[in-house]
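What follows is one structure encoded as structure tokens, with my remarks underneath.
The values are calculated or read from the model by the stated rules, or taken from the named source; none is laboratory data. All values derive from a computational prediction rather than experimental measurement. Glycine also receives a Cβ, built like all others from the backbone with ideal geometry; neighbour counts cover every protein chain displayed.
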Amino acid sequence: MELKNTKIALFDSNTLVPCEGEEYELLAARYGEPTRAGTMAYSVLSAHDTTADPSLLRVKFDALTSHDITYVGIIQTARASGLTEFPVKYILTNCHNSLCAVGGTINEDDHAFGLSAAKKFGGEFVPPHLAVIHSYMRECEAAPGRMLLGSDSHTRYGAFGTLGVGEGGPELAKQLLGRTWDITPPEVICVYLKGEPRHGVGPQDVALAIIGATYEKGFVKNKIMEFVGEGVKNLSMEYRSGIDVMTTETTCLSSIWVTDETTREFMTTLGRGEQYREMRPAPAALYDGAIVLDLSEVEPMIALPFHPSNAYTIREFSANTADILNETEKRARESLGANAHELGLLDKLVDGKFLVDQAIVAGCAGGSFENLAVCANILEGCAPNNLSASFYPGSMPIALDMARKGVSARLMESGIVLKTAFCGPCFGAGDTPQNRGFSIRHTTRNFPMREGAKPGEGQISSVALMDARSIAATVKMGGVLTAADTLDYSDEIPAFDFDASVYEKKVYRGFGKPLKDEKLVIGPNITDWPDQPALSDNLLVKIASVIEDEVTTTDELLPSGESSSLRSNPEKLSRLALSRRDPDYVPRALSVREAERARAAMTCPVEVLGELKDVYDAAKGLVAGFDPKTTVLGSAIFANCPGDGSAREQAASCQKVLGGQANFARAYATKRYRSNLINWGMLPVVVEENVFEIGDWVLFEDARAAIEEKRECVDFFVLRTSKDGKLTGERYSGKLGALSDEERQILLDGCLINFYKN
């Protein structure tokens, strides 16, 4: 694989050359001067842009989608802001909170709310266990030239020529209220594929190779990956989608692929052949960099804990197992800090062979018909053993065709447990390994604690990502880690036949037909968002957590599995914020929130709010005209690079519910996390270095004026006790980054809900 970090031109969708030299001049004379407008990405973006402003795209999407962890909060936000009906098709799927025994009735209460909302506002409702969100969207919505927005980070439908974008819930609420998705024009990276995958190599192997090469370098961060090249024709549609969905783990913004006869045939199979059109770059297209990958050189891969980028070839891992495991344990200790426990990885090394405890193939990445059918071939004649192995088809139409073609029977005969369309293994709500267990999975992520571990309570387990083919090979070998290319098996599988009647009988489709008299079904766990204050002239925040990790994931900001059933209840959910990373964060933040409530209500005079008397005295000496009575109190966190991973808005909204008013970071891992902070009214401040300690008070000088006057930087004082016992302040400055006028007003109003109310 070769990374080209320079402007580069693609001519005739075939020839990739640097933007200089004789060859470039000859090709430019023949095909025209290459421009970014010639990319597929910009042909789609420009078609959905609602303004001619070249500095800011204002996009409206063709359809929206959310699952049952996110749609309640989104609809509640939109309701509070004046929603009367869905102006765009909104698909509500139910593939995360599917285990309705968890938390009493509250998961099924969310489903009842979703169906009633689809009826009242005119939406589409996909019942639990029927389809994983992204499998459904591929089967029913993705088509060349479309743009789809989802409240899930793996909203990726590029293989269909669709730009899929995963964002936090407030961005969907904006679309429901007729607003736009605003973004600075992104860079585009050409991913040029050549060659053909070898036997035993699947889409997850290709994806992990790309992630491993690009993630740490930030090579495609917040950029669009555009897949072209002669190698594309050697990949089936399900293979392409398997690579495409994992582009999220590179931290790219979105992805798009050329379309061809393979695309047309697959869309015809889905009953939507008339929606096909050819997508390819213009004869001369300009890119901001390139990845050149020879598919024939990709080997079976494994991504060890705790990130998809921690990738090795299985061959390399097998040759250096002990050294690699020791390094993985070391990284785990560094990542988990005070909660570190031994993963027990070296215990799995027996007589030179690495033994796994569990094998899972599931979700939008693993649960395709093709993956599962190939697994059936590999497992043919497999002797039953005690290895836990569960496979989840991505949708009921896939499961139905597996049954009709005998794939299901062959898998079950091989000792595989087949389950329904459910995302649980991907985010810690299903098939959680035992303490010190090691699970291999064809799912999307293996972040720390994502699989359900609770290090603070001494529970720790590990997940490694692999392709379904090598997972099946490992199961066949009784749990000994095995690369699929070392086994002899047939790649011949039956063609997939899609039966839409499964959806016709079960899916509620009400877009354009709102039943406005329909009553929303609101269970006892579904509550409104608490009121939030507007940004005050000055702002005083207390540092409630300092996280020194190189990167902090959304799973660490808010745990994925155990929080899922509470996401319709902002107050209860907020108590889980940073619970596995910094358990003392919540009580620290709550103490400041209570002080703010007392200050705002004047039930306690500001002069006697505990330690605040000294803080206020210091602030008056630092900022002319400082008035405690009009200065909002809040909490803040510092993390080096927060927000990697999920689009989960609650990673930000929980901080806001607890009284959060700002985030300090050296950088933000993803655009979507920064957008979530803004939409929840928290200042996204970028600083050059960490100057904070837990318990520090930080005074923003002219915070409101900094936003109103469109300053690039905001000034603040860090208050600390000097050697003589006096509280003094040291001045610093932080960058706010690019903010649209609407984003500035959201910050001024205190959150998106206030913005719409105003």
Among the residues that make up the stretch 477-492, is at least one of them out of contact with any helix residue (DSSP H, G or I) (no Cβ under 8 Å at 6 or more places or on another chain), part of a loop (DSSP other than H, G, I, E, B), in contact (Cβ under 8 Å) with a residue 40 or more places away in the chain and of a type outside the set (A, V, I, L, M, F, W, C)? yes
Verdict on I291 being touching a residue at least 12 places away in the same chain (Cβ under 8 Å) and within 22 Å of A464 (Cα to Cα): no
For a quick check of your reading: which helices (runs of 4 or more DSSP H) sit entirely within the stretch 548-635 and have at least 2 residues that are outside the structural domain of G168 (by TED's automatic domain parsing) and farther than 30 Å from T248 by Cα? 585-601, 612-622
Residues in the stretch 349-365 that are under 27 Å from K419 (Cα atoms) and either outside any strand (DSSP E or B) or not assigned by TED's automatic domain parsing to the domain that holds R441 (or both): how many? 6
With the structure loaded, tell me whether E504 is over 22 Å from K348 (Cα atoms), among the charged types (D, E, K, R) and part of a helix (DSSP H, G or I) or whether it fails that test. yes
Just one of N94, N107 is over 22 Å from E504 (Cα atoms) and modelled with pLDDT under 95; which is it? N107
Just the residues that are within 15 Å of V292 (Cα to Cα) and within 26 Å of the chain's Cα centre (by Cα), please, taken from the stretch 5-56. N5
Identify, by number, the condition in (1) part of a helix (DSSP H, G or I); (2) surrounded by 16 or more Cβ atoms within 10 Å (Cβ to Cβ) that R333 doesn't meet. (2)
Every listed condition ((1) touching a helix residue (DSSP H, G or I) at 6+ places or on another chain (Cβ under 8 Å); (2) part of a helix (DSSP H, G or I)) holds for G212 save (1)
Closer than 28 Å to Q76 by Cβ, assigned to a strand (DSSP E or B) and of a type outside the set (A, V, I, L, M): does that describe N676? no
Kindly list, by first and then second residue, each pair from a residue in the stretch 236-252 that is part of a loop (DSSP other than H, G, I, E, B) to a residue that is surrounded by 24 or more Cβ atoms within 10 Å (Cβ to Cβ), limited to pairs with Cβ atoms under 6 Å and residues at least 6 apart or on different chains. T251/T670; C252/V220; C252/M225
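Looking at I324, I378, can you tell me which residue is among the aliphatic types (A, V, I, L, M), surrounded by fewer than 24 Cβ atoms within 10 Å (Cβ to Cβ) and touching a helix residue (DSSP H, G or I) at 6+ places or on another chain (Cβ under 7 Å)?
The unique qualifying residue is I324.
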Going through the stretch 188-209 one residue at a time, which ones are part of a strand (DSSP E or B) and either without any contact (Cβ under 8 Å) to a residue 40 or more places away in the chain or of a type in the set (A, V, I, L, M, F, W, C) (or both)? V188, I189, C190, V191, L193
Of the residues L286, L346, only one is over 27 Å from the mean Cα position of the chain (by Cα) and surrounded by fewer than 16 Cβ atoms within 10 Å (Cβ to Cβ); which? L346
Unique match (being modelled with pLDDT under 90, under 23 Å from G169 (Cβ atoms) and of a type in the set (K, R)) among R580, R593, R575: R580
Can you name the condition, by its number, that R277 falls short on among (1) assigned to a loop (DSSP other than H, G, I, E, B); (2) touching a strand residue (DSSP E or B) at 6+ places or on another chain (Cβ under 8 Å); (3) among the basic types (K, R)? (2)
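State which residue is surrounded by the most Cβ atoms within 10 Å (Cβ to Cβ) when the search covers only the stretch 156-187 and only residues that are outside any loop (DSSP other than H, G, I, E, B) and touching an Asp or Glu at 6+ places or on another chain (Cβ under 7 Å).
A159
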Exactly one of Y508, Y503 is within 29 Å of the chain's Cα centre (by Cα), surrounded by fewer than 19 Cβ atoms within 10 Å (Cβ to Cβ), closer than 19 Å to I91 by Cβ and touching a residue at least 60 places away in the same chain (Cβ under 8 Å), and that one is Y508
The lone exception for Y616 - which of (1) closer than 17 Å to G168 by Cβ; (2) of a type in the set (S, T, Y); (3) in contact with a Pro (Cβ under 6 Å, 6 or more places away or on another chain) it fails: (1)
